[in-house]
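Read the figures in this text as sums done on the coordinates, not as results from a lab. Fair warning: this is a prediction, and the values are worked out from it, not measured in the lab. We place every Cβ from the backbone using ideal geometry, glycine too, and count neighbours over all the protein chains shown.
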Amino acid sequence: METCATTVYSANKDAFESKSTSSSTECKFRGDFFGNIQPHRLVYRFKASFRVDMTSFGENPPHIQEFYFGVTDASVTMLKRNIHGKGINSLHLYNGDTIN
């Protein structure tokens, strides 16, 4: 995971965005943030990179002229805690559908 950001919007479209605790945008440098609004919508932005070594799959059969690699789905798990740090609920999102 290279970067991540969270923005909280109120019903009036006021926005509070997570800030980095350093010059880096890596997720581990994102700090807690607070705002004086009633949250209406949360927006998460993630950026990840990966490299697939296709040579580990061996030689291509002669009938395959070219091939590509793709991602077919993704999932996100979100943990929600109350303000006292007790009572953890999880929400799992798979391809945009909520799974509890």
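Structure values in brief
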read-out: Cα pair count fraction exceeding 20 Å, expressed as % - the range 1-66; value: 51 percent
read-out: Note, ³J(HN,Hα) from phi for the range 19-30, Karplus 6.51, -1.76, 1.60, rounded to Hz, x at Gly and Pro; value: 10, 7, 8, 8, 7, 8, 9, 4, 4, 5, 9, 7
read-out: Contour excess over end-to-end distance, with Cα ends at Thr77 and Ser23 and 0.36 nm allotted per residue; value: 16.8 nm
read-out: HN-Hα J in Hz across the range 43-57 - Karplus 6.51, -1.76, 1.60, θ = phi - 60°, x for Gly and Pro; value: 10, 10, 10, 10, 9, 9, 10, 8, 10, 10, 7, 6, 5, 6, 8
read-out: Cβ crowding within 10 Å averaged over residues, with 41-54, 23-36 ranked highest first; value: 23-36, 41-54
read-out: Arg30 long-range amide H proximity, modeled H, under 5 Å; value: Thr21
